[in-house]
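What follows is one structure encoded as structure tokens, with my remarks underneath.
Any read-out appearing in this document is the output of simple, stated calculations on the displayed coordinates, not a laboratory observation. The structure displayed is predicted, hence computed values, not measured ones. Cβ coordinates were reconstructed from backbone atoms using ideal geometry, including for glycine residues, and neighbour counts include every protein chain displayed.
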């Protein structure tokens with residue numbers, strides 16, 4: 001029951017963070033603060049489902065429709081699974097950056113009508129890396145220190 005509650009809390013936090021920072025959560029430069037939560041599978045396997053549901057619900061709020069709702073959710077699910085599988089490696093931190101940069105750019109190229117796929121790979125990758133390294137990594141460090149206190 002505790003794991004289900006944690007997954008639901010992660011999903012809810014993701015949605016709230018996207019809503020609060022909506023101005024920076026959608027676009028070719030996505031400084032989506034909620035993406036810091038994509039590292040939580042390093043510590044909690046149930047975060048895989050929480051992140052997936054959170055992205056799905058958050059993207060329902062967004063302006064990009066089915067592409068982002070389905071595509072974004074599936075890319076986040078893939079990244080979360082990789083993060084969990086390689087939780088003791090640098091790959092855990094790289095997976096959300098790489099998956100978002102290379103896969104989200106595939107459909108955002110058409111959504112934004114930007115001719116260069118590589119431009120979006122760069123902008124999404126830089127934005128994602130900033131969130132993961134500046135917000136997500138310190139979050140994981142903090143939660144590791146307080147391992148028993150969070151839920």
**Request:** Report, to the nearest 10°, how far helix 117-131 tilts away from the longest principal axis of the Cα atoms in the chain, using its own Cα long axis and a range of 0 to 90°.
**Result:** 30 degrees
**Prompt:** Helix 47-61 versus the longest principal axis of the chain: what angle, 0 to 90°, nearest 10, using Cα atoms?
**Reply:** 40 degrees
**Complete:** Cβ density ranking, 10 Å radius, fewest first, applied to 120, 108 yields 120, 108
**Message:** Using only Cα atoms and rounding to the nearest 10 degrees, what angle (0 to 90) does helix 2-20 make with the longest principal axis of the chain?
**Reply:** 40 degrees
**Fill in**
re the chain: pairs of Cα atoms spaced beyond 17 Å account for a percent value of 57 percent
**Item:** Contact order relative to length of the chain, as percent, for alpha carbon pairs under 8 angstrom and 6 or more apart
**Value:** 27 percent
**Request:** Multiply the residue gap between residue 94 and residue 78 by 0.36 nm, knock off their C-alpha separation, and tell me the result in nm, one decimal place.
**Result:** 4.5 nm
**Asked** Rounded to the nearest 500, what is the chain's calculated 222 nm mean residue ellipticity when only DSSP H runs of at least 4 contribute -39500 (n - 2.57) each, over all residues?
**Response** -18500 deg cm²/dmol
**Asked** If you stretched the chain out fully between residue 143 and residue 21, how much longer would it get, using 0.36 nm times the residue separation minus the C-alpha to C-alpha distance?
**Response** 41.7 nm
